[in-house]
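Take a look at the structure below.
Every number here is computed from the coordinates shown, using simple stated rules; none is lab data. Fair warning: this is a prediction, and the values are worked out from it, not measured in the lab. No Cβ is skipped: glycine too gets one built from the backbone with ideal geometry, and neighbour counts run over all protein chains shown.
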Amino acid sequence: MKHVKKAHRTRLITGGAIVALGLAGVGAYSASAGGESTAAAPAAVTEAKSTHTTTATHLTVAAATKAAKAVLDAAEAENQRVSVAVVDRDGKTIVTLRGDGAGPQSSASAVKKAFTAVSWNAPTSELVERLEQAPNLEDIPGTLFLGGGAPVTAKGGPIAGIGVAGAPSGDLDEKFARAGVATLAR
C-alpha cells in the first residue's frame, strides 16, 4: 500500500511538472509568435510638472565643427600649428581637431581650456588673474588656467567652450578661440 501511494504521488508531481512546462512553453510561443508580449502592462509614467524642469540650449555638432575649422583657419593664416576643442555646457567634448603639425599635448590642453572657459563663463586669460586671489582653483580636476579658452553664450548663459592650444602664447591661442566664437555669431 505504501508503494502505491508513493507511485501515485510521483505521478501527480511529474504530471504537474509536465503541465507547468507545457503551459510555459505555450506562453513563450504565443509571446514570440504574435510579436506582442503577454506580460502585464508597464506601470503608468508620471510626468514632472513643467515648473520643475528647464530647457537647455545646445551647440550643434555642425556649429561646433564650423567654429573649430574657423580656429584652424585663423591659426594657419598666422602660420601657427594648434589644436582646438569645442565642449558643451557640461564640459563634454563635441569636437576636437588637431591641426597639421600641432604638438601631441595640444589636443588635451585644448579640451581643458574649453572646459575651464565654459565652467566659469569667462575667457581663460581672465581666470588666470583670479588665481592670484584663489590659487586653489588650479586643483579643480579637468581645468587648465592658461590663456586660450573662450566661452560661447546664448540667451544670456554659457552653452559651450572653445579651447585652443599649441601657439607660442596663450594670447595667440585665445585670439584664435575668439575667432571660432565670432564665427558662431554670424
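Placing dummy labels 7 Å off each Cα toward the beta-carbon, the span from THR153 to ALA44 is 4.5 nm. Highest mean first, the peptides 69-79, 106-116, 54-64 sorted by other C-beta atoms within 10 Å per residue fall in the order 106-116, 69-79, 54-64. For ILE94, the residues 5 or more places off, or on other chains, whose built amide H falls under 5 Å of its own are VAL86, VAL87, ASP88.
For the pair VAL128 and ARG186, a Förster radius of 41 Å applied to the C-beta separation gives a FRET efficiency near 0.90, rounded to the nearest 0.05. Working note: Karplus 6.51/-1.76/1.60 with θ = phi - 60° gives segment 159-171 the couplings 10, 6, x, 10, x, 10, 8, x, 6, x, 9, x, 4 Hz, where Gly and Pro are set to x. Seen from every direction in turn and averaged, the convex hull around the alpha carbons of segment 61-184 projects onto 6.9 nm². Whole-Hz Karplus values for segment 83-93 come out as 10, 9, 9, 10, 10, 7, 4, 8, x, 7, 5 Hz, taken residue by residue from phi with 6.51 cos²θ - 1.76 cosθ + 1.60 and θ = phi - 60°; glycine and proline positions read x.
For segment 173-186, backbone phi angles converted through the Karplus equation (6.51, -1.76, 1.60; θ = phi - 60°) give residue-by-residue couplings of 4, 5, 4, 5, 4, 5, 5, x, 4, 4, 4, 6, 7, 8 Hz, Gly and Pro being listed as x. Between THR51 and THR93, the modelled label-to-label distance comes to 4.3 nm, taking each label 7 Å out from Cα in the direction of the beta carbon.
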